[in-house]
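The values are calculated or read from the model by the stated rules, or taken from the named source; none is laboratory data. Here the structure is a predicted model, which is why all the values come from computation and not from measurement. Here the Cβ is made from the backbone with ideal geometry for all residues, glycine too, and neighbour counts use every protein chain on show.
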Ligand SMILES: Nc1ncnc2c1ncn2[C@@H]1O[C@H](COP(=O)(O)OP(=O)(O)OP(=O)(O)O)[C@@H](O)[C@H]1O
Ligand SMILES: [Mg+2]
């Protein structure tokens, strides 16, 4: 007969072996004061402390001060018997830096122990941010050509107007000079010289003063509008190349959408008209505005591509509809298109990283993955899709008004 003690010892040894081998952080802690009771080697690797600096200390001592309230809330949920998955907080490394840990844990109420597993997601999070940044930079590169094109048109009429002004002032200058000579001569002689008077009349006539006095102000006004247009485009472009820092700032989503429409104009202008419906009462919200503009840009480019697929080879144009709405507890942004629609089989994959149905060079499949992360993870919002094959797609973003700004 097998020795029950021997088999118990064997299974304990097996458990201990796994416990020590895990590269995830495993721990047991007491429910009443949160002291670490047992830890595996991964703690030493990840946080740099020898085990004796951790064992017997409350876990809260190592949590980033800004994350302690959230962590305490998670701990009370645990104490109520809930199991926690993917709870993220920052733990202090021995060198003073912080590591981002993602936790799963539960409590055994009988023996008052917390069992927890944590994974160091610092590197993954950094890679995500880098990818996000790289994607943004790539879009900027692609759009720069389009923006340059946008700038070209107003620059051209400014150039034309300036040339016109130069000619006009040359004529005016000649007339004025003649007047000066007339003035000088008139002061020497009592009467006006008939030949000079004729010259003056001819110069004034050639300069067409009434025409100039009407056209010069108009040309100047147009030039000023052209310059304002350029300033707007360059401002919108510059905004895109500013990486957001980690602080949320109060932002105007209607304005952000308008700017993004300007920047993306070249992407859709051959295939679609834009209809906008911006809510007048949209509150400012605390957000990462640069990132949200990146989301809007991705959605507008997707809409233009999809409409492009439908109208290609025809004289038809599609419609992109952009609207904002205030709801009791959220702000809703919709970007709709009259494109292909998204079939089942594609729809369930669109938020996956690197999923694309576009040919190489047209899409990398990061747009919706990053947009989804920006809306849900960075802003606590929701992202949904309303689509019908043959009719089009509407992307719906809801940002909670909990983020309401000043
Ligand atoms: N408005 C839309 N209409 C139809 N299909 C869409 C629409 N938006 C997204 N899709 C589908 O979802 C896929 C993923 O979109 P996503 O924006 O993530 O990547 P992409 O546009 O292919 O590439 P990237 O945005 O990285 O340049 C697209 O390839 C396309 O098949
Ligand atoms: Mg895209």
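Name, by its number, the condition in (1) at negative phi; (2) away from ligand 2 (no atom under 16 Å from the Cβ); (3) without any contact (Cβ under 8 Å) to a residue 12 or more places away in the chain that does not hold for residue 343.
(3)
List, please: which pairs have Cβ atoms under 8 Å, are six or more places apart or on different chains, and start with a residue in the range 103-126 that is at positive phi and end with one that is in a strand (DSSP E or B)?
Taking only residues 6 or more apart or on different chains, the pairs are 112/30.
Do we have residue 300 as assigned to a helix (DSSP H, G or I) and away from ligand 1 (no atom under 15 Å from the Cβ) here?
When the stated conditions are applied, residue 300 does not pass them.
Please tell me if residue 386 is surrounded by fewer than 19 Cβ atoms within 10 Å (Cβ to Cβ) and within 11 Å of ligand 1 (Cβ to nearest atom).
yes
Considering the range 20-46 alone, what residues qualify as being in a helix (DSSP H, G or I), without any contact (Cβ under 8 Å) to a residue 60 or more places away in the chain and within 18 Å of residue 101 (Cα to Cα)?
42, 43, 44, 45
Is it the case that some residue within the range 346-363 is away from ligand 1 (no atom under 13 Å from the Cβ) and either surrounded by 15 or more Cβ atoms within 10 Å (Cβ to Cβ) or in contact (Cβ under 8 Å) with a residue 40 or more places away in the chain (or both)?
no
Check whether at least one residue in the range 358-365 is assigned by TED's automatic domain parsing to the domain that holds residue 271 and touching a strand residue (DSSP E or B) at 6+ places or on another chain (Cβ under 7 Å), and report yes or no.
The answer is no, given that none of the residues of the range 358-365 is assigned by TED's automatic domain parsing to the domain that holds residue 271 and touching a strand residue (DSSP E or B) at 6+ places or on another chain (Cβ under 7 Å).
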